[in-house]
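The values are calculated or read from the model by the stated rules, or taken from the named source; none is laboratory data. Everything numeric in this text was worked out from a predicted model, so none of it was measured. Cβ atoms come from the backbone with ideal geometry, glycine included; neighbour counts cover every protein chain shown. Ligands, DNA and RNA are stripped out before the accessible areas are found, and what is left, the full protein with its side chains, is counted by its heavy atoms. Shrake-Rupley method; radii C 1.70, N 1.55, O 1.52, S 1.80 Å.
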Amino acid sequence: MEERELLAIASEVMSAVRKFVAESEEDAKYGEIIGRREKDVTRRIDMVAERALEHALEKRGICAHIFSEELGDRIFPEGRKPECTLVFDPIDGSSNAAAGIPFYCSSLAYSPEISSVKFNDIRAGVVIPIFGKIYHAVDGGGAFFDGKRLPLKFKGKDKPIVSIYTYGKKSIPNAIFEAICEFQRSSGALVRVFGSIAVELCFVASGVLDAVLDVRGSLNGYDIAASLLILKEAGGVATDLAGRKIEGEVAKTNSIPIVAARNEELLKKLLTFLRGARCDADCSA
């Protein structure tokens, strides 16, 4: 699959989502919960994106192995031999969508491998937020924001800006919170949480954010497959809380934390704070 074709498919998916949101704006039915899973829910807007991807593939005569959040691991169309794997998060930030907050995206990653796809096998990724911009990357070919090579330059930005996810988990040790507060005090960082990890990783890639920390252990492979490639191609880095690279099979990557930064220096600084916190938490357990 060529870069232009992947961009076209991802754009068609988001166009279908925007159309659906616009048509159902009065009753906000796009946020309606139509299914429940062990740790998440499926909203109507998610299935609109899933079906839009299938339609885009069908009209191009493409058969793909799809690994997606809502419909799982499947071959589409059935009965044919897949020519590639697509890792798909139909809507990342669906809680924002349901609340009418225009900060969510669709995320699509491509690999020529058919089975046991690892993060290193991802060759291209596209993230398209609802607000109309396109982030994409090709392995070894750079990362781009509406055609402009990442990272971008921002005049007047005088403080680091970091997104930190801690909500929704009762098991996060107090030491982690204290370490985050200490990092904020020592660096003067501004803290923002937007609610779409894929877009926020793209923000780090572009230079809008300097880092993203998600210490909840809630992320899955489909959440980050496309955006991690965009981050890497822009010169950014990401690991788990122990400093280990995020690799292995995308489909088997479940419930992980992530620390992502625009460069190695900032990543090491963040990990130092977090390692101290983890040690304190372990010692007090």
Considering only the stretch 222-239, I want to know if a residue exists there that is modelled with pLDDT under 95 and either outside any strand (DSSP E or B) or touching a Pro at 6+ places or on another chain (Cβ under 9 Å) (or both).
no
Using the structure shown, decide if residue 179 is farther than 22 Å from residue 134 by Cβ, out of contact with any strand residue (DSSP E or B) (no Cβ under 8 Å at 6 or more places or on another chain) and among the hydrophobic types (A, V, I, L, M, F, W, C).
yes
So which of 159, 118 ends up being open to solvent by 80 Å² or more (accessible area, probe 1.4 Å), on the phi < 0 side of the Ramachandran plot and at pLDDT below 90?
159
If I ask for residues that are in a loop (DSSP other than H, G, I, E, B) and either hydrophobic (A, V, I, L, M, F, W, C) or at pLDDT 95 or above (or both), which ones from the stretch 100-111 would you list?
101, 103, 104
Matching residues in the stretch 129-144 - criterion: being open to solvent by 30 Å² or more (accessible area, probe 1.4 Å) and not in a loop (DSSP other than H, G, I, E, B)
138, 144
Residue check, residue 154 against (1) open to solvent by 30 Å² or more (accessible area, probe 1.4 Å); (2) closer than 25 Å to residue 16 by Cβ, all met but one. Which one?
(2)
Every pair of residues 6+ apart whose Cβ atoms lie under 9 Å, when the first sits in the stretch 174-192 and is surrounded by fewer than 14 Cβ atoms within 10 Å (Cβ to Cβ) while the second is among the hydroxyl-bearing types (Ser, Thr, Tyr) and in a helix (DSSP H, G or I)
174/284
Considering residues of the stretch 1-30 that are more than 18 Å from residue 58 (Cα to Cα) and not in a helix (DSSP H, G or I) only, the residue most open to solvent (accessible area, probe 1.4 Å)
26
Here are some residues: 114, 66. Which one is assigned to a loop (DSSP other than H, G, I, E, B) and in contact with a strand residue (DSSP E or B) (Cβ under 7 Å, 6 or more places away or on another chain)?
114
Options 35, 61, 72: the member that is modelled with pLDDT of 90 or more, over 21 Å from the mean Cα position of the chain (by Cα), open to solvent by less than 80 Å² (accessible area, probe 1.4 Å) and not β-branched (Val, Ile, Thr):
61
Could you tell me whether residue 110 is aromatic (Phe, Trp, Tyr), farther than 20 Å from residue 195 by Cα and surrounded by 20 or more Cβ atoms within 10 Å (Cβ to Cβ)?
yes
From the residues in the stretch 170-205 that are among the charged types (D, E, K, R) and modelled with pLDDT of 80 or more, which one is farthest from residue 92 (Cα to Cα)?
185
Among the residues of the stretch 208-233, what is the count of those that are in contact with a Phe, Trp or Tyr (Cβ under 6 Å, 6 or more places away or on another chain) and farther than 18 Å from residue 96 by Cβ?
1
It is to be established whether one or more residues within the stretch 208-221 are part of a helix (DSSP H, G or I) and surrounded by fewer than 22 Cβ atoms within 10 Å (Cβ to Cβ).
no
